[in-house]
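Enquirer: Here it is, the structure, as structure tokens.
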Amino acid sequence: MRSPRFAYFEGRIVPFDQARVSVATHAFNYGTAVFGGLRGYWNADRQRLFVFRPWEHYQRLLYSARLLCMEVSYDVESLIQITLDLLRAEAWQEDVYIRPMFYKADTGIGVRLHNLKEELTIWSTPFQKYIQNDTSAHVTISSWRRIDDNVIPARGKVSGAYVNSALAKTDAARAGFDEALVLDQNGHVSEGSAMNVFMVRDGVVITPPVTENILEGITRRTVLELVRNELGLPVVERPIDRSEVAICDEFFMTGTAAQIVAVTRVDHRPIGNGVMGPITARLRELFEDVVRGRNERYCAWLLEV
Ligand code: PMP
């Protein structure tokens with residue numbers, strides 16, 4: 001990671017290396033933090049940075065904070081203002097990733113959520129591809145199961161819960177795969193390690209509903225809207241069986257970091273023809289134009305820095 005110059009920390013923008021917490025910090029010991037992940041896209045023609053759907057990202061961050069009983073004094077608009085101040089200070093002229101986090105900032109011993117104070121930090125860093133092979137990814141069905149809503153809510157972006165994602169990702173990577181597909185306790189396909197999943201069967205675009213132990217992804221929402229509005233294809237939100245991955249026509253994963261990743265093999269079976277399908281390819285093109293401010297119809301999704 002290229003080091004940022006600044007971070008928002010304890011109420012103000014400070015030099016990045018002054019944004020430090022104690023080893024006794026509650027969030028460091030118990031995973032009691034919630035975070036977000038946004039992207040800023042550099043448009044070289046217009047010499048502008050655009051942040052993609054920050055309103056939705058920050059609303060989700062505030063929902064995550066509520067899940068951990070955080071009483072934060074920020075709203076979406078104030079979070080966006082801090083983000084703008086930070087990005088203007090950095091003056092990035094390339095694609096970036098933005099990481100906001102609310103964390104339980106008290107020091108000391110004691111597992112709980114109540115009677116603890118929260119702090120906010122936000123920083124950003126230059127960022128390119130997350131999954132290198134994003135046009136023909138090879139995934140494996142993980143032996144790890146997705147955390148359940150009654151264990152740690154997957155719809156919250158809770159720091160501690162990311163051990164679940166990390167277990168799945170590392171086993172997949174060490175076995176030579178690009179990514180993991182994680183099943184929930186019912187054996188349905190829920191997500192990748194940090195991305196939502198979609199399949200195409202007989203011209204219908206299918207993704208698990210938000211009640212299937214998934215993060216309510218902003219890219220997922222974006223793709224659902226693009227499929228309906230731009231491709232005019234039917235969309236169904238329903239559970240996906242493991243065996244459907246082997247027989248579907250196309251499969252892709254979506255996330256802020258991953259963007260839209262075409263999956264062409266699962267374990268050692270080809271998906272469809274074993275190459276990126278036309279619907280995935282079209283969505284990737286549309287998405288790239290939308291996030292860089294090249295599609296007028298969706299400029300309301302962008303915040304110009
Ligand atoms: N699922 C998980 C577990 C994730 O961490 C992410 C990345 N935030 C996603 C899905 C995709 O969500 P989004 O499109 O909002 O980045």
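The values are calculated or read from the model by the stated rules, or taken from the named source; none is laboratory data. The model shown is predicted, which means the values in this text are computed figures rather than measured ones. Methodologically, a virtual Cβ is constructed for each residue, glycine included, from the backbone with ideal geometry; neighbour enumeration extends over all protein chains shown.
Enquirer: Any chance you could count how many residues in the range 211-234 are within 16 Å of the ligand (Cβ to nearest atom) and surrounded by 15 or more Cβ atoms within 10 Å (Cβ to Cβ)?
Expert: Residues in the range 211-234 being within 16 Å of the ligand (Cβ to nearest atom) and surrounded by 15 or more Cβ atoms within 10 Å (Cβ to Cβ): 15 in total.
Enquirer: While we're on this one: Test each condition in (1) touching a residue at least 12 places away in the same chain (Cβ under 8 Å); (2) surrounded by fewer than 17 Cβ atoms within 10 Å (Cβ to Cβ); (3) more than 15 Å from the ligand (Cβ to nearest atom); (4) not β-branched (Val, Ile, Thr) for Leu302 and report the one that comes out false.
Expert: Checking Leu302 against (1) touching a residue at least 12 places away in the same chain (Cβ under 8 Å); (2) surrounded by fewer than 17 Cβ atoms within 10 Å (Cβ to Cβ); (3) more than 15 Å from the ligand (Cβ to nearest atom); (4) not β-branched (Val, Ile, Thr), the one that fails is (2).
Enquirer: Does at least one position in the range 234-243 carry a residue that is touching a residue at least 40 places away in the same chain (Cβ under 8 Å) and in a strand (DSSP E or B)?
Expert: Within the range 234-243, the subset touching a residue at least 40 places away in the same chain (Cβ under 8 Å) is 239-242.
Imposing the further condition that a residue be in a strand (DSSP E or B) reduces the set to 241.
Yes; the residues of the range 234-243 include at least one that is touching a residue at least 40 places away in the same chain (Cβ under 8 Å) and in a strand (DSSP E or B).
Enquirer: I'd like the residue in the range 247-288 that is among the acidic types (Asp, Glu) and surrounded by fewer than 17 Cβ atoms within 10 Å (Cβ to Cβ) and, out of all such residues, is nearest to the ligand (Cβ to nearest atom).
Expert: So in the range 247-288, the residues among the acidic types (Asp, Glu) come out as 249-250, 267, 285, 288.
Of the ones still in play, those that are also surrounded by fewer than 17 Cβ atoms within 10 Å (Cβ to Cβ) are 267, 285, 288.
On the way: Asp267: 21, Glu285: 18, Glu288: 15 Å.
Top of the filtered list is Glu288.
Enquirer: How many of the residues making up the range 157-182 are assigned to a loop (DSSP other than H, G, I, E, B) and either at pLDDT below 95 or surrounded by 20 or more Cβ atoms within 10 Å (Cβ to Cβ) (or both)?
Expert: Taking the range 157-182 and keeping what is assigned to a loop (DSSP other than H, G, I, E, B), we get 157, 175-178.
Of the ones still in play, those that are also either at pLDDT below 95 or surrounded by 20 or more Cβ atoms within 10 Å (Cβ to Cβ) (or both) are 157, 177-178.
Within the range 157-182, residues that are assigned to a loop (DSSP other than H, G, I, E, B) and either at pLDDT below 95 or surrounded by 20 or more Cβ atoms within 10 Å (Cβ to Cβ) (or both) number 3.
Enquirer: Show the residue pairs that are 6+ apart or on different chains and have beta-carbon atoms under 6 Å apart, the first residue being within the range 270-284 and basic (Lys, Arg), the second being at pLDDT 95 or above and crowded, with 20+ Cβ neighbours inside 10 Å.
Expert: Arg284/Ile260
Enquirer: Are any residues in the range 255-278 touching a helix residue (DSSP H, G or I) at 6+ places or on another chain (Cβ under 7 Å) and either more than 20 Å from Arg220 (Cβ to Cβ) or not hydrophobic (A, V, I, L, M, F, W, C) (or both), and if so, which ones?
Expert: Hits for the range 255-278 are Gly255, Thr256, Gln259, Arg269.
Enquirer: For residues in the range 22-52 being over 28 Å from Gly217 (Cβ atoms) and among the aliphatic types (A, V, I, L, M), which is surrounded by the most Cβ atoms within 10 Å (Cβ to Cβ)?
Expert: For the range 22-52, the residue satisfying everything is Ala24.
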